[in-house]
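J.: The following block contains the structure, expressed as structure tokens.
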Amino acid sequence: MHPIDRSIVQPALDRFLNREVYLHLETTNGAYAAHRQESKMTVGAYIRNGRISFIRGTITGEGPYRVGLKMQDGWVYAEGLTDFDLGQEGKLLLAGHDEEGRLAVALELSMEPFEL
Amino acid sequence: MGQHILVVFPHPDDETFGCGGTLALFAKSGIPITYICGTLGQMGRNMGNPFFANRETLSKIREAELEKACKAIGIQHLIKLGLRDKTIEFEDPEPIVNRIEQILREVQPSLVLTHYPGYAVHPDHNALGELTIKAVSRLSTQDRPTIYAHAFARNCQDVIGPPDIVNDISAVADVKCAAILAHRSQSQVMFPRDNKTEVNEPTKNAYSHMLQRESFWTYRCF
Ligand SMILES: [Zn+2]
């Protein structure tokens, strides 16, 4: 992955506009957050291969970045994004990493289902 | 019946951090080891430090790391169950118990290593430990292997008492160290690179106890 460059990520988001696409959306503070007493709670959520279609998709912020995808009937939102990857055909990977390189948030779009 | 160890854990690296030394000692004395690994740790948040994996490449990277670690420890037979990280507790238990039972009957282990249900922190650990114990309890009493259960929840000793098996693994610390380093994507964040030697040095930090001792609770199934 590479540090986010909005001038690359914005057109990449636009390529998914108004199409039926697959979404991976995730946030986590680590399975051992409470055990290691880094936090009171272990918190995480993910959606893998949610099918969505969005009519407007925007990346904002000065880093870490935010992305909002406006759908006909709702929103997809992620903040804390730091890095992107366009290395796989038909996929845009966005993730937020902490200072130790650990993933804290991910928002990914794909024309094809993500691998299970 | 000859000795044979069956190890059942959900994530690549569980075999290393929790019991890599114990397994290395068994392997050194010529006892065969079969490892059933439940998932590929697809949802781990450690991506290396500096990170070199991403959510979509992590499973392949961890699969390769797992094979390297098994080689280091001396695990000859690896069975991947193909489950998905963080989902074991939500699966229909029956097919998984059946699969483990079938492997138990084939391998006829003298000892099974798994997580102690309820005291192993990660929901996948607790779930697969429970399924494994369920599978063992389907065997007739005389065919049942001994079970070493691994527990590390903060409060666990208050409830289940002290571990009855404490292995000194210092003689194979280098082997465990090699297995830890094989799990690069997961261990780099724990053992930051020493700039002078360009190698990770687990011995010099807070995790050094992991290279000295490993503890288990003998689990009685009814
Ligand atoms: Zn684990």
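The values are calculated or read from the model by the stated rules, or taken from the named source; none is laboratory data. It should be emphasised that the depicted structure is a prediction, and the values quoted were computed from it without experimental measurement. FYI the Cβ positions are ideal-geometry reconstructions off the backbone, even for glycines, and counts take in every protein chain you see. When the accessible area is computed, the model is the full protein with side chains, heavy atoms only, and any ligands, DNA or RNA have been set aside. Shrake-Rupley method; radii C 1.70, N 1.55, O 1.52, S 1.80 Å.
J.: Test of understanding: in a Gaussian network model of chain B with alpha carbons linked when under 10 Å, which of B:A182, B:A171, B:A149 would top the mean-square fluctuation ranking?
T.: B:A171
J.: List every DSSP H helix in chain B whose Cα atoms extend 20 Å or more along the helix's own long axis and whose mean Kyte-Doolittle hydropathy is at least -1.0.
T.: In chain B, the long hydrophobic H runs are B:58-73, B:93-107, B:123-137.
J.: Excluding B:L40 itself, calculate the net charge of residues whose Cβ lies under 13 Å from the Cβ of B:L40, where each Lys or Arg counts +1 and each Asp or Glu counts -1.
T.: Within the 13 Å Cβ shell, the charges total -3.
J.: If you average 1/r over every pair of different alpha-carbon atoms in segment A:2-116 and take one over that average, what Kirkwood value in Å do you get?
T.: Final number for the Kirkwood radius of segment A:2-116 is 14.6 Å.
J.: Same structure, new question: Between the alpha-carbon centers of segment B:46-63 and segment A:14-92, tell me the distance in whole angstrom.
T.: 18 Å
J.: Can you show me the helix-derived [θ] at 222 nm for the protein assembly as shown, built from DSSP H runs with n ≥ 4 at -39,500 (n - 2.57) apiece and divided by the number of residues, rounded to the nearest 500.
T.: -7500 deg cm²/dmol
J.: Could you check what % of the DSSP bridge pairs in the protein assembly as shown are antiparallel, to the nearest 5?
T.: Bridges in the protein assembly as shown are about 75 percent antiparallel.
J.: Using a 1.4 Å probe on the protein heavy atoms only, what accessible surface does B:T141 show? Give it in Å² to the nearest 10.
T.: We get 110 Å² for B:T141.
J.: Please check segment A:90-116 for residues whose accessible area, probe 1.4 Å, is lower by 50 Å² or more when all protein chains are in place than in their chain alone.
T.: Relative to the lone chain, where solvent access is computed with a 1.4 Å probe, segment A:90-116 loses at least 50 Å² at A:E100, A:R102, A:L103.
J.: Hey, another quick one. What does the structure give for B:35-46 when I average, per residue, the other chain Cβ atoms found within 10 Å of the residue Cβ?
T.: Mean shielding count: 3.
J.: While we're here: So if a site counts as exposed when it's one of the GluC sites (Glu not before Pro), its DSSP state isn't H, G, I, E or B, and it has at most 16 other Cβ atoms within 10 Å, what's the longest stretch of chain B without one?
T.: Maximal segment without exposed cleavage sites: B:92-197.
J.: Counting other C-beta atoms within 10 Å, and keeping those with at most 16, which DSSP coil chymotrypsin sites (Phe, Trp or Tyr not before Pro) do you find in segment B:26-76?
T.: Here the chymotrypsin sites (Phe, Trp or Tyr not before Pro) that fit, given the DSSP loop and packing criteria, are B:F52.
J.: At 0.36 nm per residue, and after removing the present C-alpha to C-alpha distance, how many nm does the segment from A:M71 to A:R6 gain when stretched out fully?
T.: 21.3 nm
J.: Separate question: Return the FRET efficiency for the residue pair B:V159, B:L139: r is the Cβ-Cβ distance, R0 is 35 Å, and the value is rounded to the nearest 0.05.
T.: Efficiency for this residue pair is about 0.85.
J.: Need one number: % antiparallel among DSSP beta bridges in chain B, to the nearest 5.
T.: Roughly 30 percent of the beta bridges in chain B run antiparallel, per DSSP.
J.: In square angstrom and rounded to 100, what buried accessible area do you get between chains A and B, total over both, with the probe at 1.4 Å?
T.: 2300 Å²
J.: Here is a follow-up. Give the carbon-plus-sulfur fraction of the accessible surface of chain A in %, rounded to a whole number; probe 1.4 Å, heavy atoms of protein chains only.
T.: Values: 3060 of 6180 Å².
Of the solvent-accessible surface of chain A, carbon and sulfur hold 50 percent.
J.: Note down the net charge around B:Q186, summing +1 for each Lys or Arg and -1 for each Asp or Glu among other residues with Cβ under 9 Å from its Cβ.
T.: Neighbourhood net charge equals 0.
J.: Scan chain A and report its longest stretch carrying no GluC sites (Glu not before Pro) that are both in a DSSP loop and have at most 13 other Cβ atoms within 10 Å. If you can, show how the numbers build up before the last one.
T.: On the way: sites that count: A:E20, A:E38, A:E62, A:E89, A:E99, A:E115.
In short, A:63-88.
J.: Label segment B:89-192 by shape, choosing from rounded, prolate and oblate, from the square roots a ≥ b ≥ c of the eigenvalues of the Cα gyration tensor; if a/c is under 1.5 it is rounded, and otherwise prolate applies when a/b is larger than b/c, oblate when it is not.
T.: prolate
J.: Now for a separate question. For chain B, with all protein chains present and a 1.4 Å probe, just round the carbon and sulfur fraction of the accessible area to a whole percent.
T.: 51 percent
J.: In addition: Rounded to two decimals, what is the ratio between the C-alpha radius of gyration of segment B:5-219 and 2.2 N^0.38 Å?
T.: Segment B:5-219 yields a ratio of 0.98.
J.: What does the extension gain come out to for A:A34 and A:N49, with contour length at 0.36 nm per residue minus their alpha carbon separation?
T.: Working it through step by step, the gained length comes to 2.6 nm.
J.: Taking a temperature of 20 °C and a viscosity of 1.002 mPa s, what whole-number D in µm²/s does Stokes-Einstein yield for the protein assembly as shown with Rh from Kirkwood over alpha carbon pairs?
T.: Rounded, D is 100 µm²/s.
J.: Please report the net charge: other residues with Cβ closer than 11 Å to the Cβ of A:A78, K and R +1, D and E -1.
T.: Around A:A78, the charge tally is -2.
J.: A further question follows. Solvent-accessible area per residue for the protein assembly as shown at a 1.4 Å probe radius, Å²?
T.: Heavy-atom SASA per residue in the protein assembly as shown reads 47 Å².
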